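K.L.:
Dropping a structure here in structure tokens format, bear with me for questions.
The values are calculated or read from the model by the stated rules, or taken from the named source; none is laboratory data. In this text the structure is predicted, and so the values were computed from the model without any measurement. Cβ placement follows ideal geometry from the backbone for every residue including glycine, while neighbour counts extend to all protein chains displayed. Keep in mind that these areas ignore ligands, DNA and RNA; they rest on the heavy atoms of the full protein, side chains included. Shrake-Rupley method; radii C 1.70, N 1.55, O 1.52, S 1.80 Å.
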Amino acid sequence: FSDGSELHFVDPRKFGIVWYGSPQDLQKDTYLKNLGVDLKKLTFEEFREKLKARSQIIKAFLLRQDVISGIGNIIADEALWASRIHPKRKTSSLSEKEIRTLFDALQKTVDEILKAGGTSMRNWQAPGGKKGGYQELYKVYARVGQKCFRCGHKTRRTITAGRGTSFCPHCQS
């Protein structure tokens, strides 16, 4: 920049993008304009409403950034494991109690990830060079073939909604 400062954008997974401009310009961007409400700003009632308005595989629903923004693959897998919900279940099959449990698990998972400083995969680092620590706390994500912490059965991996999905076939029904 003109003051000598620098902005570095490091994106080892190739998912990122940088937008710049005035707030008014950013509001015109099609992608940003169509983002759903941020998970951390979402109420339970809004979550339940959005979920009940669709009949699709729960993992696909959770990854839809136009419905709820901020849920990625790790968050989805970890929250579904915590909720004991199979990633291929239909949203329409979830009970009120399961919806509440999933909502709470999503919020808790995000809080744990933020507290741990994110997840460092390959060479990802937070600004300042610090690595995240959530990968040390995975319950199911990236633990294929290892014993489930809850039931002891081996975890598995499948493709759901076009994404690799980790789950426990025994305790996620």
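K.L.:
Dipole size in debye (nearest 20) for the range 129-173 around its Cα centre, Lys and Arg Cβ +1, Asp and Glu Cβ -1?
P.N.:
Rounded to the nearest 20 debye, it is 60 debye.
K.L.:
Between ASP104 and LYS90, what is 0.36 nm times their sequence separation minus the Cα-Cα distance? Round to one decimal in nm.
P.N.:
Details: separation 14, 0.36 × 14 = 5.04 nm, distance 1.87 nm.
Computed gain between ASP104 and LYS90 is 3.2 nm.
K.L.:
Give me the accessible area per residue for the chain, probe 1.4 Å, as a whole number in Å².
P.N.:
On a per-residue basis, the chain sits at 61 Å².
K.L.:
Okay, helix-only estimate at 222 nm for the chain: each DSSP H run of n ≥ 4 adds -39500 (n - 2.57), divide by all residues, round to 500 deg cm²/dmol; what do you get?
P.N.:
Numbers: 6 runs with 56 residues, N = 173.
Dividing the helical sum by the residues of the chain leaves -9500 deg cm²/dmol.
K.L.:
Quick one: with all protein chains in place, what share of the accessible area of the chain is carbon or sulfur, to the nearest percent (1.4 Å probe)? Intermediate results must be reported in sequence, preceding the final value.
P.N.:
Values: 5560 of 10490 Å².
The computed percentage sits at 53.
K.L.:
Moving on to the next point. For the chain, what's the relative contact order in percent, using C-alpha pairs closer than 8 Å and at least 6 residues apart? Walk me through the numbers on the way to the answer.
P.N.:
Working: 220 pairs, mean separation 33.4, N = 173.
Relative contact order here is 19 percent.
K.L.:
Now, a different point. Beyond 31 Å between alpha-carbons counts as too far, so tell me which of LYS97/LYS131; LYS59/LYS115; LYS50/LYS154; LYS50/LYS115; LYS108/LYS131; LYS14/LYS50 fall in that bin.
P.N.:
Details: LYS97/LYS131 36 Å; LYS59/LYS115 24 Å; LYS50/LYS154 33 Å; LYS50/LYS115 27 Å; LYS108/LYS131 21 Å; LYS14/LYS50 29 Å.
Violating the 31 Å limit, Cα to Cα: LYS97/LYS131; LYS50/LYS154.
K.L.:
Starting with the highest mean, order 147-160, 77-90, 100-113, 17-30 by the number of other Cβ atoms within 10 Å, averaged over the residues of each peptide.
P.N.:
Working: 147-160: 15.3, 77-90: 21.5, 100-113: 18.2, 17-30: 8.9.
Those peptides, ordered most packed to least, come out 77-90, 100-113, 147-160, 17-30.
K.L.:
On to the next question. Leaving ligands and nucleic acids out of the surface, order TYR141, TYR31, TYR134 by accessible area at 1.4 Å, largest first. Could you put the intermediate results ahead of the total?
P.N.:
Values: TYR141 30, TYR31 115, TYR134 0 Å².
The residues order as TYR31, TYR141, TYR134, largest area first.
K.L.:
Would you mind telling me which residue in LEU94, LEU32, LEU114 has the biggest mean-square fluctuation in a Gaussian network model of the chain, where springs connect alpha carbons within a distance under 10 angstrom?
P.N.:
LEU32
K.L.:
Check ILE68: other-chain or 5+ apart residues with amide H under 5 Å from its amide H, H built from backbone geometry?
P.N.:
Here the answer is GLY36, since their amide H atoms fall under 5 Å of that of ILE68.
K.L.:
From the Cα gyration tensor of the chain, with a ≥ b ≥ c the square roots of its eigenvalues, which class applies: rounded if a/c is under 1.5, or else prolate if a/b is larger than b/c, or else oblate? Walk me through the numbers before you get to the answer.
P.N.:
On the way: a/c = 2.25, a/b = 1.35, b/c = 1.67.
Oblate, since a/c reaches 1.5 and b/c is not below a/b.
K.L.:
Let me ask something else about it. Quick one: Cα centre-to-centre distance for the range 70-141 and the range 6-44, in angstrom?
P.N.:
20
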